[in-house]
Amino acid sequence: MIGYLANLRLVDPLPYLDFVQLMANARCVLTDSGGIQEETTALGVPCLTLRENTERPITVSRGTNRVIGVEPAAIYAHWRRAADGAWPKGELPELWDGQAAQRIVKILLSDTLSAQGSGQGEGGGPVWTSGS
């Protein structure tokens, strides 16, 4: 059956960024990987999860992922829908906006400034700064 699918490519493992680029330009991704389910949701690319369950349910409820099992007829039917463009757009889950680093820095700076204001660090010890 694979021989009849001209645009289907089976490839050896790729470096991460090459793989993300491949997924970003795919019409549909078939996987059993939870991480790939998340990546395709972030990229807005249809994902068919070839398992009976997922540890990433938000990718189903908010994203483009569908858990379809391993039956060949179901895989083909869902792939056909995705390939034909009949797939829900999905949306990014809350806080999947690419701003995690900024939020973390803000929290760390807030906690650091708060501790410096009290003259004590976490656990009640002194706060050491470059000027101390």
For R103: the one exception among (1) under 30 Å from L17 (Cβ atoms); (2) modelled with pLDDT under 90; (3) not assigned by TED's automatic domain parsing to the domain that holds R27: (2)
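Going by what's in this entry, would P72 be described as more than 22 Å from the chain's Cα centre (by Cα) and in the same structural domain as Q37 (by TED's automatic domain parsing)?
Spelling it out, P72 is indeed more than 22 Å from the chain's Cα centre (by Cα) and in the same structural domain as Q37 (by TED's automatic domain parsing).
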Test: residue in the range 31-53 that is farther than 16 Å from P93 by Cβ, of a type outside the set (A, V, I, L, M), in contact (Cβ under 8 Å) with a residue 12 or more places away in the chain and touching a Gly at 6+ places or on another chain (Cβ under 8 Å): yes
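Looking at A42, A115, A77, can you tell me which residue is of a type in the set (A, V, I, L, M), over 27 Å from L14 (Cα atoms) and in the same structural domain as V11 (by TED's automatic domain parsing)? Step through it out loud before you land on a result.
Values: A42 fails: over 27 Å from L14 (Cα atoms); A115 fails: in the same structural domain as V11 (by TED's automatic domain parsing).
Of A42, A115, A77, the one residue that is of a type in the set (A, V, I, L, M), over 27 Å from L14 (Cα atoms) and in the same structural domain as V11 (by TED's automatic domain parsing) is A77.
Give the residue that is modelled with the lowest pLDDT, with candidates limited to residues of the range 44-72 that are among the aliphatic types (A, V, I, L, M) and surrounded by 20 or more Cβ atoms within 10 Å (Cβ to Cβ). Before the answer, list the steps.
To start, the set of residues in the range 44-72 that are among the aliphatic types (A, V, I, L, M) comprises 45, 48, 50, 58, 60, 67-68, 70.
Next, from what is left, pick out any that are surrounded by 20 or more Cβ atoms within 10 Å (Cβ to Cβ): 45, 48.
Values: V45: 93, L48: 96.
Ranking the candidates gives V45 first.
The values are calculated or read from the model by the stated rules, or taken from the named source; none is laboratory data. Bear in mind the structure is a predicted one, so any value in this text is a computation, not a measurement. For neighbour counting, all protein chains shown are included, and Cβ atoms are generated from backbone atoms with ideal geometry for every residue, glycine included.
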